[in-house]
Structure formats: C-alpha cells, structure tokens
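Beneath this line is the structure, given in structure tokens, with notes to follow.
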Amino acid sequence: MRDPFPIAPIPALSAWIQPYADALHLPTLPLHIHEVLGAAAFYTFVHTILSPIISNAFFSKYYPKNHRARKANWDAHVVSLAQSVLINGLALWTMYYDEERANSDWEQRVWGYTGASGMIQALAAGYFVWDLGITLLNLDIFGLGLLAHAVSALAVYTFGFRPYLNYYSSIFILYELSTPFLNIHWFFDKLNMTGSKPQLYNGIALLVVFFCCRLVWGTYQSAVVYVDMWKAVQRGPDAGYIAAAFEKASGVDKNLMHFAKDAGPVPVWLAVTYVASNLTLNTLNWYWYFKMISAVKKRFEPAKKEKAAVPAGGKGTGNVATGAMVGEKQGLRQRAHSIEDVVPDSEELRQGTIQ
C-alpha cells in the first residue's frame, strides 16, 4: 500500500537527509522525513499554541498558566492525548486497509516495507522528536531519566527506517489505546473531579483497555516478534523475494522486499536491543496494571478514620495537634496511591509507549 499521507515527499528535504540516511543505513527515511518533521512541528504547535488557547478558554480556573512546571506538564498531557487518539486511529486504519501488510509472511514482517506502515513509523518518530526537544528545553522539570527515555524511544522507532520490523509499527503503537483514558483520568484530578462517577467509569475503561491492548495483545505480539527475530538472526531474506522485488520498475509500487536488496541476517546487537526494550516495557506494563488497580480503587474508597489518642487529662490544643497529625498521615497514605505516583506523568503518559 502506498503512503496515504496527503503531502508527497519534498525533493529538497529528501535530498538533504539522504547522506545521513545512507550513513546510518536508513534507506526509507528520505521517503518519510517530511512526515517526521511535520509531526514534530504539529505537536510543538499543540504544546505551545493550541493547548494554552484551549485550556485558557475552557479551563481557565484550573490551567496553571503562572506556574512553569505545572503548565509544561499540563500542556504535555494535552499533546499526549492528541497524539494517542491520532496515532491509534491511523494505525487501526492501516491494519484494516493495507492488504500487502496483512498478507506478509515472517520474512516480510522483518524486512518488508509498505508506505502506509512507513507513515505510522514516521509519525511516531516525529512525536518522539518533539518529546526529546521538549524534554531538553525543560530538563530541570522532566529530569535525566525522561531524557534517557526520549532518546531510547526515538532510537527504537528510527530502526524502522532500515526498514526493520516495519510491519510491527502499527501493532505495537496500539499500546497507546489506553493512553487517552490515562490522560483523561489525570485531567479529572486536575479539574477537582477525583472520585466522581465520570472518573469511575473512565477508570474502569482504563483498566479494561490497558489489560486488553497491553497485557493480552502486547504479550502475544511480543512472542510472535521474538520468533520472527530468532529466524532473522539465523539467516537473511530468501533470494526469491529479492529477485521478485526488482521484476517491476522501481516506481512508487515497490515489492515489499524492495529495500532488502542487500539485507543479511539481522545483527545480534539489534535483536538483543529490541528484545531487551520490549521485555522491559512488558514487565512494566504488568507492574503498572496492578498498581493502577490499587490506585483506582483507592480513589473511590472512603478515607479511614483514625481515632486520635488523647493524653490523660489532655484537652484543647493536644487534641488539635494529634488530629492534625492523623489527618496529615491520612493525606500521605492517600497521596501514595495516586495515579500520578504509580504512573509518572511524562515518561508513561508521553512516551509512547506508556512509551
């Protein structure tokens, strides 16, 4: 399937990136560099222009316009919400309509390329270009850990331009199906709707979707990609596929294996890097899920009342002080079970993948 992006590759931009793509062995990058930069520019626009306008217009009472760190975090959540809705819709559309992709065998899943899957790869990479940029500009807010996350996420998505596992770009981006509910849950807290019925319904949807798309779907697809990579490490693509790729003219309608002309077995370092990243994410998904169950449950449990111990003969200020300490402890216990605590704002909500 051809790239359905409404703007064709820009020749000057493709020519500019070509030497870098050749040096890094990323032959499909020149075909999608306009999408990468376009997505990064779009999310920058949402973060710096659109989010402040909409937030001030509809949520002026709650929007932290005069607090730099909180404002950056709020605007980042708006970007995350917009990105997750957009990329989920496009990924599902691609999986449904891209027949070439749907009919791929294991070799085509590893080395194959279609324009539609390349678009998903590029838009995801563009999001992480924005993510890296906003993290660098606000390093004092987001920290070195989130900087490392942004760098690694961008690197993983960039591998797809080899092309490598282009087929799986749509599959694993569907981890993001739970992200809109996670962002909405966060906004309910900021709008003083903690414990409300809308937050309860959203929390239930969050847990169900997170379980289905990350734990069931994600774990199964991870097993499939591990098998594909194991085969690909053993040997390169079949020569028959390579020969078929060049039976047609090298126009826009290329054989799926067109870019695998010189491909050999997948380098061990690349497979190990991918598997390590995927295992880490899947492990965190299971950990976060049980933490979220606890956090959502705590949102709707009435606070437990603790009786303050009254010293013998003690009245007045002694009781007030003791009650204040009890209240403080209760507040600390409730805060420890917050969604904000178990799922950090920037890394899991803006990453793509809780990345």
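The values are calculated or read from the model by the stated rules, or taken from the named source; none is laboratory data. This one's a predicted model, so the numbers in the text were calculated from it and none came from an experiment. Please note: Cβ atoms are built from the backbone with ideal geometry, for glycine as well, and neighbour counts cover all protein chains shown. What goes into the accessible areas is simple: the full protein's heavy atoms, side chains included, and nothing from ligands, DNA or RNA. Shrake-Rupley method; radii C 1.70, N 1.55, O 1.52, S 1.80 Å.
At pLDDT 85 or above, more than 22 Å from residue 92 (Cα to Cα) and assigned to a helix (DSSP H, G or I) - does that describe any residue in the range 167-183?
no
The number of residues in the range 211-247 being touching a residue at least 12 places away in the same chain (Cβ under 8 Å) and outside any helix (DSSP H, G or I) comes to 5. Return the residues of the range 90-113 that are in contact (Cβ under 8 Å) with a residue 60 or more places away in the chain, more than 19 Å from residue 239 (Cα to Cα) and hydroxyl-bearing (Ser, Thr, Tyr); say none if nothing qualifies. 94, 97, listed by residue number.
Let's see how each residue does on (1) over 17 Å from the mean Cα position of the chain (by Cα); (2) buried (at least 24 other Cβ atoms within 10 Å of the Cβ); (3) at negative phi; (4) hydroxyl-bearing (Ser, Thr, Tyr):
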site: 121; (1), (2), (3), (4): no, yes, yes, no
site: 124; (1), (2), (3), (4): no, yes, yes, no
site: 132; (1), (2), (3), (4): no, no, yes, no
site: 155; (1), (2), (3), (4): no, no, yes, no
site: 161; (1), (2), (3), (4): yes, yes, yes, no
site: 168; (1), (2), (3), (4): no, no, yes, yes
site: 171; (1), (2), (3), (4): no, no, yes, no
site: 180; (1), (2), (3), (4): no, no, yes, no
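Residues in the range 259-273 that are open to solvent by less than 50 Å² (accessible area, probe 1.4 Å) and not in a helix (DSSP H, G or I) were compared, and the one that is modelled with the lowest pLDDT is 263. The single condition among (1) under 22 Å from residue 288 (Cβ atoms); (2) among the hydroxyl-bearing types (Ser, Thr, Tyr); (3) in contact with a helix residue (DSSP H, G or I) (Cβ under 6 Å, 6 or more places away or on another chain) that residue 169 does not meet is (1). Of the residues screened, residue 90 is not one that is open to solvent by 10 Å² or more (accessible area, probe 1.4 Å), closer than 25 Å to residue 136 by Cα and modelled with pLDDT of 95 or more.
Just to be sure, is residue 208 open to solvent by 40 Å² or more (accessible area, probe 1.4 Å), part of a helix (DSSP H, G or I) and without any contact (Cβ under 8 Å) to a residue 12 or more places away in the chain? Criteria met by residue 208. Of the residues contained in the range 248-258, none is found to be part of a helix (DSSP H, G or I) and either of a type in the set (A, V, I, L, M) or open to solvent by 40 Å² or more (accessible area, probe 1.4 Å) (or both). For the range 47-82, filtered to residues that are closer than 20 Å to residue 129 by Cα and among the small types (Gly, Ala, Ser), the residue that is most open to solvent (accessible area, probe 1.4 Å) is 82.
With the structure loaded, tell me whether residue 39 is touching a Leu at 6+ places or on another chain (Cβ under 6 Å), within 22 Å of residue 95 (Cβ to Cβ) and open to solvent by less than 50 Å² (accessible area, probe 1.4 Å) or whether it fails that test. Taking the combined requirement at face value, the residue satisfies it.
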